[in-house]
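Encoded as structure tokens, the structure appears first; notes follow it.
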Amino acid sequence: SENEFAQALGRWRTEAQKLQAERRRAMAPGASAESAPMASAPMPAPAAAPMALSKSAADAGAAELITNVQTAGVDEGGIVKQAGDFLIILRRGRLFTVRVGGDNLVPAAMSDAYGPSVNPQGAWYDELLISGTTVVVVGYSYARGGTEIGLFELAADGTLAYRATYHLRSFDYYSSRNYASRLIGRKLIFYSPTLLQPHGPAPQQMMPGMRRWQGPDSGAPFERILPATRVYRTDDDFDPGQPLALHTVTLCDLDGASMRCESTAVLGPAGRVFYVSQGAVYVWTSTARRFPSGSPERRPEPGTPQSAVFRIPLDGQAPTGLKTAGVPIDQLSFLEDDRAHLNVLVRESGGGEGMWGSERTRGAMALMRVPLSAFGDGRGAAQREHYRVLPAPAGYSVQNRFVGDWLLWGAHSGSRFNRPADVPGSNAFAVRYADSAEPVALSPGHAVERIEAMGADAVLVGNAGTDLTFSSVKLGRSAATLAGRYVKPGASQGESRTHGFFYRPGGPEGGLLGLPVVVPAVGRRPGVFADAQGSAGVLYLRVRDLALNPLGELQARPGSAREDNCKASCVDWYGNARPIFLGGRVFALLGYELVEGRLSGSGPREQIEERRRVSFAPTAQGQNGRYSPFGN
């Protein structure tokens, strides 16, 4: 009830304020470090039953997926989507449409990615989704304090008509690896956090709410969309030494004149990882490891972080939960399989995926595999038999991916801004997650910065010194083996997000993969996000019997970056380069350029060459949503 919710938060606030006062007294001049209470590790700032998703709803209006997704049938917010004859591209606060149907490659229209009365300052427009002719732009506004959802309608000629803007009251959802939004048919799914503070506004004043934007002077209030009866928790007491958060999952229906949304939330520690299967949303919450105050080595105390995983079904059933141990690396650490089990790769400690939390997980590793029937009312916990200890790879930042019946994981030793160092020993492993066979050690001889599926097999990508290396992995019934290798000298990945990679399976001629690449500047390692110059090109490889044969690159035109009068989202945090396959056509999105390639030759002489390109960069010549970009 609302009263129980208020009482629980009141007890936590009182205990947290008391603990903070004790810490201040202990750290006052003259107090010894030994007398100070333990301080928690710093954390990054982070209704009715859910609307059911029928199969017909999931199928309705589904656009062809042209980017890498984790779960078939579940689209993820990105920077480029296809709708009929058009590609729609989100970049630096604007939407662009390019006609590609009928063998065209012609810019059609440009629009701001926000409403005509919306001030874009202090806002980031990050993710794009399309259902039928409805274009959805997802962003975060620091000025307006929440997730911002802009709706547009795509016309037959490629123009975009603004429909409405909605705000969901929340804290910043950003993750360097995950996407805040998903789309199944006409149903939007959002994750958003609300960090609760011991001091400051009462939690009830920060509850997730929604409003339709009526203009800067309307003063329209948020309407609360999360009743206390839709807030779930385990029976663990709240830790007064840890931040507390409402991890909110919101489902929105795109049908109807107004968007209707309903929320469910998990109340728990601030660390989080968010994953969407075809039938449910999972939220994993975890505490931070504690560090003794004044410890010069900053070694965490022994013990496992308090964590739990919650399953929120998309068919309207009540959520369930399970107490757990450890912290997932990112959303790719999850798989709800077709044998009614949840599989999660966890590490000993970490703060979840908020901001750059995925890169900071540490310690031993284990695979948790539990039947969905083990989920209950939050009082039960995963047992010893549900965990399987796995070897941790040599390296700093871990990548992981489920491919078919296998789980693969590996690591590199670089930071976000420095080139990965060479990693000695086994820095990659593979294991059949559902049986008891021992993990297979893989030693590709290079850092593992990316793991992707290629049909039933996989590829590992990363640097060995200054060279970018691809290693294909054959995943058989009982063995995983390195199969093929390609080295591109003097290069690095141009994108690190999953959408930067795409693989098109093929017939006798083999599959085709694409990945943005750069020749990095001295002292800089691209990858987490691309700067205004974008990636130098997209590299294409032919994959035949897991042999990797280079076809060449589609490259950005030198000097193609130009002043674009950017008003919002002026850093490409989600990247700006993508390989795109449409039927038999091959494209490279490179900043404001869309380059089409053509395959010629066969066998070892096969190569990709530029067929044509178009720039859709904004110019002063735009009128009524149409424009004539330079460089056509």
Taking the criterion of being open to solvent by less than 10 Å² (accessible area, probe 1.4 Å) and over 15 Å from residue 614 (Cα atoms), would at least one residue in the range 106-115 satisfy it? yes
Scanning for something at pLDDT 90 or above, part of a strand (DSSP E or B) and not charged (D, E, K, R), does the range 443-453 turn up at least one residue? yes
With the first residue restricted to the range 590-603 and required to be closer than 17 Å to residue 511 by Cβ, and the second required to be among the β-branched types (Val, Ile, Thr) and open to solvent by less than 10 Å² (accessible area, probe 1.4 Å), Cβ contacts under 8 Å at 6 or more apart or on different chains are 597/586; 599/586
How about the range 491-514: which of its residues are more than 27 Å from residue 356 (Cβ to Cβ) and small (Gly, Ala, Ser)? 506, 507, 510, 511
Does the range 205-228 contain at least one residue that is of a type in the set (Val, Ile, Thr), closer than 21 Å to residue 375 by Cβ and touching a strand residue (DSSP E or B) at 6+ places or on another chain (Cβ under 9 Å)? no
Do we find that residue 87 is more than 22 Å from residue 217 (Cβ to Cβ), within 25 Å of the chain's Cα centre (by Cα) and part of a strand (DSSP E or B) in this structure? yes
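Matching residues to (1) at pLDDT below 90; (2) buried (at least 19 other Cβ atoms within 10 Å of the Cβ); (3) polar (S, T, N, Q):
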| position | (1), (2), (3) |
| --- | --- |
| 245 | yes, yes, no |
| 248 | no, yes, yes |
| 252 | no, yes, no |
| 255 | yes, no, no |
| 259 | no, yes, no |
| 263 | no, yes, yes |
| 269 | yes, yes, no |
| 272 | yes, yes, no |
Just wondering, is there one or more residues in the range 187-195 that are in contact with a Leu (Cβ under 6 Å, 6 or more places away or on another chain) and not in a strand (DSSP E or B)? no
Residue count, the range 362-389, condition open to solvent by 50 Å² or more (accessible area, probe 1.4 Å), among the aromatic types (Phe, Trp, Tyr) and not in a strand (DSSP E or B), comes to 0
Kindly establish whether residue 241 is at pLDDT below 85, open to solvent by less than 20 Å² (accessible area, probe 1.4 Å) and not polar (S, T, N, Q). yes
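Out of 14, 67, 71, 97, I need the residue that is touching a His at 6+ places or on another chain (Cβ under 7 Å), at pLDDT 65 or above and not basic (Lys, Arg). Which one?
67
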Considering only residues that are of a type in the set (Asp, Glu) and touching a Gly at 6+ places or on another chain (Cβ under 9 Å), look in the range 529-582 and name the one that is modelled with the highest pLDDT. 553
What about residue 172, is it open to solvent by less than 40 Å² (accessible area, probe 1.4 Å), on the phi < 0 side of the Ramachandran plot, not β-branched (Val, Ile, Thr) and not in a strand (DSSP E or B)? yes
crowded, with 16+ Cβ neighbours inside 10 Å and part of a loop (DSSP other than H, G, I, E, B), is that true of residue 392? yes
The range 223-248, residues that are under 27 Å from the mean Cα position of the chain (by Cα) and closer than 16 Å to residue 166 by Cβ: 224, 225, 226, 248
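The values are calculated or read from the model by the stated rules, or taken from the named source; none is laboratory data. Computed from a prediction, not measured in an experiment: that's the story for all the values here. We place every Cβ from the backbone using ideal geometry, glycine too, and count neighbours over all the protein chains shown. Accessible surface is based on the protein model in full, side chains and every heavy atom, while ligands, DNA and RNA are left aside. Shrake-Rupley method; radii C 1.70, N 1.55, O 1.52, S 1.80 Å.
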